[in-house]
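A short worksheet on the structure shown next.
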Amino acid sequence: MEDTKVATYEELSKEELLSLKSGLEAQFEEVKAKGLKLDMSRGKPSTEQLNLSMEMMDVLNSDSDLVCEEGVDCRNYGVLDGIKEAKQLLADMMEVPKDNIVIFGNSSLNVMYDTIARSMTHGVMGSTPWCKLDKVKFLCPVPGYDRHFAITEYFGIEMINVPMTPTGPDMDMVEKLVESDPAIKGIWCVPKYSNPQGITYSDETVHRFAKLNPAAEDFRIFWDNAYGIHHLYEDKQDYLIEILMECKKEGHPDMVYKFSSTSKISFPGSGIAAIAASDANLEDIRKQMKIQTIGHDKVNQLRHARYFGDIHGMVKHMKRHADIMRPKFDTVLNTLERELGGLGIGSWLSPRGGYFISFDSMEGCAKKIVAKAKEAGLIMTNAGATFPYGKDPKDSNIRIAPSYPTEEELAVATQIFVLSVKLVSIDKILSHKE
Ligand SMILES: Cc1ncc(COP(=O)(O)O)c(C=O)c1O
(Lines give C-alpha, C1' and ligand atoms only; values in the text may rest on other atoms or scores of the structure.)
Protein backbone atom coordinates (compact mmCIF):
# COMPACT_ATOMS: atom_id res chain seq x y z
CA MET A 1 0.00 0.00 0.00
CA GLU A 2 1.18 3.50 -0.79
CA ASP A 3 2.45 5.43 2.21
CA THR A 4 0.29 8.57 2.45
CA LYS A 5 1.97 9.98 5.57
CA VAL A 6 2.80 13.65 5.05
CA ALA A 7 6.18 14.95 6.12
CA THR A 8 6.13 17.18 9.16
CA TYR A 9 7.48 20.69 8.66
CA GLU A 10 10.43 19.80 10.91
CA GLU A 11 11.37 17.04 8.47
CA LEU A 12 11.56 19.39 5.50
CA SER A 13 14.89 20.83 4.38
CA LYS A 14 15.61 24.53 4.54
CA GLU A 15 15.17 24.79 0.76
CA GLU A 16 11.83 22.97 0.84
CA LEU A 17 10.59 25.23 3.62
CA LEU A 18 11.65 28.36 1.77
CA SER A 19 9.88 27.31 -1.39
CA LEU A 20 6.76 26.37 0.60
CA LYS A 21 6.91 29.74 2.32
CA SER A 22 6.98 31.74 -0.90
CA GLY A 23 3.88 29.92 -2.19
CA LEU A 24 2.03 30.48 1.09
CA GLU A 25 3.04 34.12 1.16
CA ALA A 26 1.54 34.61 -2.27
CA GLN A 27 -1.74 33.05 -1.07
CA PHE A 28 -1.65 35.22 2.03
CA GLU A 29 -1.15 38.42 -0.01
CA GLU A 30 -4.08 37.42 -2.19
CA VAL A 31 -6.55 37.16 0.75
CA LYS A 32 -5.05 40.23 2.40
CA ALA A 33 -5.77 42.25 -0.75
CA LYS A 34 -9.47 41.47 -0.34
CA GLY A 35 -9.57 43.83 2.66
CA LEU A 36 -11.73 41.44 4.69
CA LYS A 37 -13.14 42.11 8.16
CA LEU A 38 -13.73 38.84 9.99
CA ASP A 39 -14.10 38.08 13.69
CA MET A 40 -13.53 34.72 15.42
CA SER A 41 -12.76 36.30 18.78
CA ARG A 42 -15.77 36.07 21.11
CA GLY A 43 -18.21 33.30 21.85
CA LYS A 44 -21.32 35.16 20.80
CA PRO A 45 -24.35 33.41 19.30
CA SER A 46 -25.02 34.38 15.68
CA THR A 47 -28.01 36.44 14.57
CA GLU A 48 -29.57 33.24 13.26
CA GLN A 49 -29.33 31.72 16.73
CA LEU A 50 -30.83 34.81 18.36
CA ASN A 51 -33.70 34.58 15.90
CA LEU A 52 -34.54 31.14 17.32
CA SER A 53 -35.83 32.76 20.51
CA MET A 54 -37.79 35.61 18.94
CA GLU A 55 -41.14 34.04 19.81
CA MET A 56 -40.25 34.62 23.43
CA MET A 57 -40.96 38.28 22.70
CA ASP A 58 -44.58 37.34 21.96
CA VAL A 59 -45.15 35.28 25.09
CA LEU A 60 -46.08 38.34 27.11
CA ASN A 61 -48.05 41.36 25.92
CA SER A 62 -50.39 43.96 27.39
CA ASP A 63 -53.20 41.39 27.58
CA SER A 64 -51.10 38.84 29.48
CA ASP A 65 -51.82 37.73 32.99
CA LEU A 66 -48.55 38.55 34.72
CA VAL A 67 -49.35 36.76 37.93
CA CYS A 68 -46.96 33.88 38.56
CA GLU A 69 -47.83 30.42 39.94
CA GLU A 70 -47.54 31.46 43.58
CA GLY A 71 -49.98 34.32 43.02
CA VAL A 72 -47.52 37.22 42.90
CA ASP A 73 -47.98 40.00 40.36
CA CYS A 74 -44.66 39.95 38.48
CA ARG A 75 -45.03 43.64 37.63
CA ASN A 76 -44.55 44.58 41.26
CA TYR A 77 -41.94 44.18 44.03
CA GLY A 78 -41.73 40.89 45.87
CA VAL A 79 -40.09 37.44 45.69
CA LEU A 80 -36.40 37.89 46.48
CA ASP A 81 -34.90 34.80 44.99
CA GLY A 82 -36.94 33.94 41.93
CA ILE A 83 -40.46 32.90 40.98
CA LYS A 84 -41.32 29.23 41.38
CA GLU A 85 -41.66 28.37 37.70
CA ALA A 86 -38.28 29.95 36.80
CA LYS A 87 -36.66 28.12 39.72
CA GLN A 88 -38.08 24.82 38.52
CA LEU A 89 -36.87 25.42 34.97
CA LEU A 90 -33.34 26.37 35.98
CA ALA A 91 -33.19 23.70 38.68
CA ASP A 92 -33.94 21.07 36.03
CA MET A 93 -31.41 22.64 33.70
CA MET A 94 -28.79 22.56 36.47
CA GLU A 95 -29.87 19.12 37.71
CA VAL A 96 -30.46 20.24 41.30
CA PRO A 97 -33.52 20.38 43.61
CA LYS A 98 -35.65 23.51 43.18
CA ASP A 99 -35.01 24.56 46.77
CA ASN A 100 -31.26 24.64 46.22
CA ILE A 101 -31.41 27.39 43.66
CA VAL A 102 -31.56 31.17 43.73
CA ILE A 103 -32.41 33.11 40.57
CA PHE A 104 -30.47 36.30 39.95
CA GLY A 105 -30.49 38.85 37.15
CA ASN A 106 -29.30 38.64 33.58
CA SER A 107 -25.74 37.33 33.97
CA SER A 108 -24.04 34.45 35.75
CA LEU A 109 -20.70 36.21 35.51
CA ASN A 110 -22.24 38.94 37.61
CA VAL A 111 -23.23 36.33 40.22
CA MET A 112 -19.65 35.02 40.27
CA TYR A 113 -18.31 38.54 40.70
CA ASP A 114 -20.76 39.16 43.57
CA THR A 115 -19.77 35.87 45.18
CA ILE A 116 -16.10 36.85 45.21
CA ALA A 117 -16.91 40.41 46.31
CA ARG A 118 -19.00 39.14 49.23
CA SER A 119 -16.28 36.71 50.29
CA MET A 120 -13.78 39.58 50.23
CA THR A 121 -15.85 41.96 52.33
CA HIS A 122 -17.89 39.65 54.55
CA GLY A 123 -16.27 36.23 54.38
CA VAL A 124 -17.92 32.90 53.68
CA MET A 125 -20.44 31.58 56.23
CA GLY A 126 -18.84 33.37 59.17
CA SER A 127 -15.17 32.93 58.27
CA THR A 128 -12.68 35.82 58.15
CA PRO A 129 -13.34 38.19 55.21
CA TRP A 130 -10.72 37.52 52.57
CA CYS A 131 -9.74 41.19 52.49
CA LYS A 132 -8.42 40.83 56.04
CA LEU A 133 -6.07 38.01 55.09
CA ASP A 134 -2.48 38.57 53.96
CA LYS A 135 -2.92 36.40 50.95
CA VAL A 136 -5.80 34.82 49.05
CA LYS A 137 -5.13 32.39 46.22
CA PHE A 138 -7.23 30.72 43.54
CA LEU A 139 -6.48 27.73 41.36
CA CYS A 140 -7.03 28.36 37.69
CA PRO A 141 -7.23 25.40 35.32
CA VAL A 142 -5.51 26.48 32.09
CA PRO A 143 -6.36 27.20 29.41
CA GLY A 144 -9.53 28.72 30.87
CA TYR A 145 -12.07 31.52 30.62
CA ASP A 146 -10.50 34.99 30.57
CA ARG A 147 -13.36 36.67 32.41
CA HIS A 148 -13.01 34.32 35.39
CA PHE A 149 -9.37 35.27 35.64
CA ALA A 150 -10.24 38.95 35.26
CA ILE A 151 -12.48 38.80 38.36
CA THR A 152 -9.87 37.21 40.60
CA GLU A 153 -7.17 39.55 39.26
CA TYR A 154 -9.40 42.57 39.93
CA PHE A 155 -9.68 41.61 43.61
CA GLY A 156 -5.93 41.06 43.93
CA ILE A 157 -6.29 37.30 44.37
CA GLU A 158 -3.15 35.40 43.42
CA MET A 159 -3.82 32.93 40.63
CA ILE A 160 -2.06 29.59 40.29
CA ASN A 161 -2.13 27.79 36.95
CA VAL A 162 -3.26 24.15 37.01
CA PRO A 163 -2.85 22.35 33.68
CA MET A 164 -5.94 20.86 32.07
CA THR A 165 -5.80 17.22 30.97
CA PRO A 166 -8.29 15.44 28.67
CA THR A 167 -10.28 14.48 31.81
CA GLY A 168 -10.27 17.85 33.61
CA PRO A 169 -7.74 19.72 35.74
CA ASP A 170 -4.63 17.87 36.96
CA MET A 171 -6.25 16.47 40.11
CA ASP A 172 -2.97 15.38 41.74
CA MET A 173 -1.94 19.02 41.74
CA VAL A 174 -5.39 20.26 42.83
CA GLU A 175 -5.47 17.84 45.80
CA LYS A 176 -1.92 18.62 46.86
CA LEU A 177 -2.42 22.39 46.80
CA VAL A 178 -5.98 22.61 48.18
CA GLU A 179 -5.24 20.19 51.01
CA SER A 180 -2.00 21.87 52.10
CA ASP A 181 -2.45 25.63 51.62
CA PRO A 182 -5.16 27.44 53.65
CA ALA A 183 -4.67 30.57 51.52
CA ILE A 184 -6.25 28.72 48.57
CA LYS A 185 -9.90 29.68 48.73
CA GLY A 186 -11.27 28.54 45.42
CA ILE A 187 -10.90 27.05 41.99
CA TRP A 188 -12.52 28.17 38.73
CA CYS A 189 -14.08 25.25 36.86
CA VAL A 190 -15.99 25.04 33.57
CA PRO A 191 -16.75 21.34 33.96
CA LYS A 192 -18.68 20.61 30.78
CA TYR A 193 -17.64 21.53 27.24
CA SER A 194 -15.06 23.77 28.89
CA ASN A 195 -14.08 27.18 27.63
CA PRO A 196 -11.90 26.97 25.54
CA GLN A 197 -11.10 23.24 25.08
CA GLY A 198 -14.58 21.70 25.14
CA ILE A 199 -13.43 19.14 27.71
CA THR A 200 -15.91 17.51 30.09
CA TYR A 201 -14.60 16.43 33.49
CA SER A 202 -14.54 12.64 33.86
CA ASP A 203 -16.42 10.76 36.59
CA GLU A 204 -13.14 10.24 38.42
CA THR A 205 -12.34 13.96 38.31
CA VAL A 206 -15.74 14.89 39.78
CA HIS A 207 -15.39 12.21 42.47
CA ARG A 208 -11.97 13.56 43.39
CA PHE A 209 -13.35 17.09 43.59
CA ALA A 210 -16.12 15.96 45.94
CA LYS A 211 -13.60 14.11 48.12
CA LEU A 212 -11.28 17.10 48.58
CA ASN A 213 -10.33 17.93 52.15
CA PRO A 214 -9.40 21.60 51.87
CA ALA A 215 -7.00 23.22 54.33
CA ALA A 216 -9.29 26.29 54.28
CA GLU A 217 -12.79 25.87 55.75
CA ASP A 218 -14.00 28.56 53.35
CA PHE A 219 -12.60 26.91 50.23
CA ARG A 220 -15.22 26.72 47.47
CA ILE A 221 -15.33 25.11 44.05
CA PHE A 222 -16.66 27.68 41.57
CA TRP A 223 -18.45 25.28 39.21
CA ASP A 224 -19.50 27.35 36.21
CA ASN A 225 -21.66 24.99 34.19
CA ALA A 226 -22.29 27.52 31.44
CA TYR A 227 -22.48 24.86 28.71
CA GLY A 228 -24.39 22.10 30.53
CA ILE A 229 -26.95 21.49 27.76
CA HIS A 230 -25.01 22.94 24.83
CA HIS A 231 -24.42 19.74 22.87
CA LEU A 232 -23.43 19.76 19.20
CA TYR A 233 -24.54 16.23 18.33
CA GLU A 234 -27.54 14.08 19.17
CA ASP A 235 -25.62 10.84 19.16
CA LYS A 236 -22.37 11.96 20.79
CA GLN A 237 -22.96 13.81 24.05
CA ASP A 238 -20.81 14.17 27.14
CA TYR A 239 -22.17 13.36 30.57
CA LEU A 240 -21.12 15.15 33.74
CA ILE A 241 -21.76 13.89 37.27
CA GLU A 242 -23.81 16.35 39.32
CA ILE A 243 -21.40 17.92 41.80
CA LEU A 244 -23.77 19.25 44.46
CA MET A 245 -25.12 15.79 45.25
CA GLU A 246 -21.66 14.28 44.99
CA CYS A 247 -20.22 16.76 47.55
CA LYS A 248 -23.18 16.06 49.85
CA LYS A 249 -22.57 12.31 49.63
CA GLU A 250 -18.92 12.84 50.55
CA GLY A 251 -19.85 14.93 53.60
CA HIS A 252 -18.85 18.28 52.03
CA PRO A 253 -22.24 19.79 51.16
CA ASP A 254 -21.02 23.38 51.38
CA MET A 255 -17.88 23.03 49.27
CA VAL A 256 -19.37 24.03 45.91
CA TYR A 257 -21.19 26.92 44.25
CA LYS A 258 -22.74 26.07 40.93
CA PHE A 259 -23.47 28.80 38.37
CA SER A 260 -25.37 28.87 35.12
CA SER A 261 -27.56 31.05 32.92
CA THR A 262 -29.72 31.00 29.82
CA SER A 263 -27.36 33.41 28.03
CA LYS A 264 -26.58 31.03 25.19
CA ILE A 265 -30.03 29.48 25.25
CA SER A 266 -32.24 32.58 24.90
CA PHE A 267 -30.55 35.99 24.67
CA PRO A 268 -27.07 36.77 26.06
CA GLY A 269 -27.38 39.72 28.37
CA SER A 270 -31.16 39.32 28.56
CA GLY A 271 -31.45 35.83 29.93
CA ILE A 272 -31.74 34.64 33.53
CA ALA A 273 -28.91 33.46 35.76
CA ALA A 274 -28.83 31.28 38.86
CA ILE A 275 -26.67 29.91 41.60
CA ALA A 276 -27.19 26.45 43.08
CA ALA A 277 -25.68 25.57 46.46
CA SER A 278 -26.33 23.96 49.84
CA ASP A 279 -28.97 25.37 52.20
CA ALA A 280 -26.26 26.89 54.41
CA ASN A 281 -24.54 28.61 51.49
CA LEU A 282 -27.83 29.93 50.15
CA GLU A 283 -28.73 31.35 53.56
CA ASP A 284 -25.40 33.19 53.57
CA ILE A 285 -26.02 34.47 50.05
CA ARG A 286 -29.56 35.65 50.79
CA LYS A 287 -28.26 37.79 53.69
CA GLN A 288 -26.40 39.92 51.17
CA MET A 289 -29.00 39.63 48.44
CA LYS A 290 -31.76 41.15 50.52
CA ILE A 291 -29.62 44.24 51.09
CA GLN A 292 -28.56 44.42 47.47
CA THR A 293 -31.99 44.20 45.82
CA ILE A 294 -35.72 43.97 46.47
CA GLY A 295 -35.79 41.36 43.75
CA HIS A 296 -34.62 40.71 40.21
CA ASP A 297 -36.56 41.00 36.97
CA LYS A 298 -39.57 38.70 37.47
CA VAL A 299 -41.16 39.64 34.17
CA ASN A 300 -38.16 38.18 32.36
CA GLN A 301 -38.28 35.11 34.60
CA LEU A 302 -41.94 34.63 33.71
CA ARG A 303 -41.22 35.13 30.02
CA HIS A 304 -38.56 32.42 30.09
CA ALA A 305 -40.70 30.01 32.11
CA ARG A 306 -43.72 30.42 29.84
CA TYR A 307 -41.71 30.28 26.62
CA PHE A 308 -39.77 27.10 27.40
CA GLY A 309 -42.55 25.49 29.47
CA ASP A 310 -40.18 22.99 31.03
CA ILE A 311 -36.76 21.43 30.59
CA HIS A 312 -38.00 19.37 27.63
CA GLY A 313 -38.88 22.57 25.81
CA MET A 314 -35.42 23.88 26.55
CA VAL A 315 -33.68 20.71 25.35
CA LYS A 316 -35.71 20.86 22.10
CA HIS A 317 -34.66 24.48 21.67
CA MET A 318 -31.00 23.55 22.16
CA LYS A 319 -31.23 21.08 19.27
CA ARG A 320 -32.09 23.98 17.00
CA HIS A 321 -29.01 25.85 18.26
CA ALA A 322 -26.95 22.72 17.61
CA ASP A 323 -28.22 22.51 14.02
CA ILE A 324 -26.74 25.97 13.43
CA MET A 325 -23.53 25.44 15.39
CA ARG A 326 -22.59 21.96 14.17
CA PRO A 327 -21.79 22.85 10.54
CA LYS A 328 -19.67 25.74 11.76
CA PHE A 329 -17.62 23.54 14.05
CA ASP A 330 -17.33 21.03 11.21
CA THR A 331 -16.04 23.72 8.84
CA VAL A 332 -13.29 24.74 11.26
CA LEU A 333 -12.37 21.20 12.31
CA ASN A 334 -12.34 19.82 8.77
CA THR A 335 -10.15 22.68 7.56
CA LEU A 336 -7.73 22.26 10.46
CA GLU A 337 -7.48 18.54 9.75
CA ARG A 338 -7.13 18.93 5.99
CA GLU A 339 -4.60 21.79 6.12
CA LEU A 340 -2.63 21.11 9.29
CA GLY A 341 -3.14 17.41 10.06
CA GLY A 342 0.17 15.58 10.44
CA LEU A 343 2.35 18.66 9.89
CA GLY A 344 3.49 18.78 13.51
CA ILE A 345 2.80 22.50 13.85
CA GLY A 346 -0.36 22.48 15.92
CA SER A 347 -2.84 20.38 17.84
CA TRP A 348 -6.49 20.75 18.74
CA LEU A 349 -9.41 18.81 20.21
CA SER A 350 -12.79 18.11 18.62
CA PRO A 351 -15.36 19.11 21.23
CA ARG A 352 -18.85 17.62 21.40
CA GLY A 353 -20.40 20.83 22.66
CA GLY A 354 -19.85 24.33 23.95
CA TYR A 355 -18.67 27.35 22.01
CA PHE A 356 -14.97 26.96 21.32
CA ILE A 357 -12.14 25.10 19.69
CA SER A 358 -8.79 25.40 21.39
CA PHE A 359 -5.68 25.38 19.23
CA ASP A 360 -2.13 24.83 20.46
CA SER A 361 0.60 26.06 18.14
CA MET A 362 4.33 25.37 18.41
CA GLU A 363 5.77 27.10 21.46
CA GLY A 364 6.36 30.81 21.08
CA CYS A 365 4.09 31.17 18.03
CA ALA A 366 0.58 32.07 19.30
CA LYS A 367 1.03 35.84 19.52
CA LYS A 368 2.64 35.96 16.09
CA ILE A 369 -0.15 33.84 14.55
CA VAL A 370 -2.86 36.11 15.97
CA ALA A 371 -0.96 39.18 14.70
CA LYS A 372 -0.47 37.60 11.28
CA ALA A 373 -4.18 36.77 10.97
CA LYS A 374 -5.01 40.36 11.87
CA GLU A 375 -2.93 41.59 8.92
CA ALA A 376 -5.41 39.81 6.67
CA GLY A 377 -8.42 41.25 8.53
CA LEU A 378 -9.16 38.34 10.89
CA ILE A 379 -9.65 39.16 14.57
CA MET A 380 -8.92 36.27 16.95
CA THR A 381 -9.06 36.24 20.78
CA ASN A 382 -5.77 37.73 22.01
CA ALA A 383 -3.11 35.08 22.49
CA GLY A 384 -2.56 34.66 26.22
CA ALA A 385 -6.17 35.53 27.12
CA THR A 386 -6.86 31.95 28.15
CA PHE A 387 -4.31 32.25 30.98
CA PRO A 388 -4.28 34.27 34.23
CA TYR A 389 -2.72 37.73 33.79
CA GLY A 390 -2.90 37.16 30.01
CA LYS A 391 0.36 35.22 30.18
CA ASP A 392 0.58 31.90 28.41
CA PRO A 393 3.98 30.56 29.53
CA LYS A 394 4.39 28.63 26.27
CA ASP A 395 2.76 31.28 24.07
CA SER A 396 0.94 28.52 22.24
CA ASN A 397 -2.80 28.56 23.04
CA ILE A 398 -5.32 30.25 20.74
CA ARG A 399 -9.07 30.18 21.25
CA ILE A 400 -11.22 29.83 18.15
CA ALA A 401 -14.85 30.95 18.43
CA PRO A 402 -16.82 29.68 15.41
CA SER A 403 -20.34 30.75 16.45
CA TYR A 404 -20.70 34.32 15.25
CA PRO A 405 -19.49 34.43 11.61
CA THR A 406 -21.63 32.96 8.84
CA GLU A 407 -20.48 29.63 7.39
CA GLU A 408 -19.06 31.40 4.32
CA GLU A 409 -17.14 33.88 6.48
CA LEU A 410 -15.92 31.06 8.65
CA ALA A 411 -14.52 29.13 5.71
CA VAL A 412 -12.42 32.17 4.69
CA ALA A 413 -11.50 32.99 8.29
CA THR A 414 -10.23 29.46 8.88
CA GLN A 415 -8.20 29.60 5.67
CA ILE A 416 -6.55 32.81 6.90
CA PHE A 417 -5.91 31.17 10.24
CA VAL A 418 -4.23 28.07 8.81
CA LEU A 419 -2.12 30.18 6.44
CA SER A 420 -1.01 32.27 9.42
CA VAL A 421 -0.18 29.13 11.41
CA LYS A 422 1.87 27.72 8.53
CA LEU A 423 3.80 30.93 7.85
CA VAL A 424 4.66 31.62 11.49
CA SER A 425 5.64 27.97 12.09
CA ILE A 426 7.91 27.91 9.02
CA ASP A 427 9.72 31.01 10.31
CA LYS A 428 10.17 29.39 13.70
CA ILE A 429 11.56 26.16 12.19
CA LEU A 430 13.80 28.08 9.79
CA SER A 431 15.20 30.10 12.67
CA HIS A 432 16.74 26.98 14.21
CA LYS A 433 17.75 25.42 10.92
CA GLU A 434 20.07 28.38 10.09
C1 LIG B 1 -17.61 29.69 30.96
C2 LIG B 1 -18.50 30.89 30.85
N3 LIG B 1 -19.14 31.34 31.94
C4 LIG B 1 -19.92 32.42 31.89
C5 LIG B 1 -20.10 33.12 30.72
C6 LIG B 1 -20.96 34.33 30.72
O7 LIG B 1 -22.22 34.02 31.22
P8 LIG B 1 -23.33 35.11 31.51
O9 LIG B 1 -23.78 35.65 30.21
O10 LIG B 1 -24.38 34.32 32.21
O11 LIG B 1 -22.73 36.16 32.38
C12 LIG B 1 -19.46 32.69 29.55
C13 LIG B 1 -19.61 33.44 28.31
O14 LIG B 1 -18.91 33.27 27.36
C15 LIG B 1 -18.63 31.54 29.63
O16 LIG B 1 -17.97 31.10 28.56
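The values are calculated or read from the model by the stated rules, or taken from the named source; none is laboratory data. All values derive from a computational prediction rather than experimental measurement. Here Cβ is always computed from backbone atoms with ideal geometry, including for glycine, and neighbour counts include all displayed protein chains.
Within region 212-237, the set of residues being of a type in the set (Val, Ile, Thr) and in a loop (DSSP other than H, G, I, E, B) comprises ILE229 only.
For ILE83, the conditions (1) surrounded by fewer than 22 Cβ atoms within 10 Å (Cβ to Cβ); (2) within 18 Å of GLY295 (Cβ to Cβ); (3) out of contact with any Gly (no Cβ under 8 Å at 6 or more places or on another chain) all hold with the exception of (1). Could you tell me whether any residue of region 58-74 is within 16 Å of the ligand (Cβ to nearest atom), touching a residue at least 12 places away in the same chain (Cβ under 8 Å) and either crowded, with 17+ Cβ neighbours inside 10 Å or of a type in the set (Ser, Thr, Tyr) (or both)? Taking every residue of region 58-74 in turn, none turns out to be within 16 Å of the ligand (Cβ to nearest atom), touching a residue at least 12 places away in the same chain (Cβ under 8 Å) and either crowded, with 17+ Cβ neighbours inside 10 Å or of a type in the set (Ser, Thr, Tyr) (or both). Here VAL102 clears all of (1) part of a helix (DSSP H, G or I); (2) in contact (Cβ under 8 Å) with a residue 40 or more places away in the chain except the condition numbered (1). Being among the aliphatic types (A, V, I, L, M), assigned to a loop (DSSP other than H, G, I, E, B), within 14 Å of the ligand (Cβ to nearest atom) and within 28 Å of GLY43 (Cβ to Cβ) is a condition met by no residue of region 145-157. Taking region 258-345 as the region of interest, the helices (runs of 4 or more DSSP H) fully inside it that hold 1 or more residues being under 29 Å from MET245 (Cα atoms), modelled with pLDDT of 95 or more and within 23 Å of the chain's Cα centre (by Cα) are 298-308, 311-340.
Within region 272-321, track down each residue that is aliphatic (A, V, I, L, M), within 16 Å of the ligand (Cβ to nearest atom) and in contact with a helix residue (DSSP H, G or I) (Cβ under 8 Å, 6 or more places away or on another chain). ILE272, ALA273, ALA274, ILE275, ALA276, MET314, listed by residue number.
Scanning region 111-149 for residues that are within 20 Å of the chain's Cα centre (by Cα) and over 22 Å from ILE357 (Cβ atoms) yields VAL111, MET112, TYR113, ASP114, THR115, ILE116, PHE138, LEU139. Within region 167-195, being in a strand (DSSP E or B), more than 18 Å from the chain's Cα centre (by Cα) and either closer than 21 Å to ILE400 by Cα or of a type in the set (D, E, K, R) (or both) holds for one residue alone: LYS185. Residue-level analysis places LEU430 among those that are among the hydrophobic types (A, V, I, L, M, F, W, C), over 22 Å from PRO141 (Cβ atoms), surrounded by fewer than 20 Cβ atoms within 10 Å (Cβ to Cβ) and over 25 Å from the mean Cα position of the chain (by Cα). Exactly one residue among GLY353, GLY342, GLY269 is exposed (fewer than 15 other Cβ atoms within 10 Å of the Cβ), within 16 Å of the ligand (Cβ to nearest atom) and touching a residue at least 40 places away in the same chain (Cβ under 8 Å), and that residue is GLY269.
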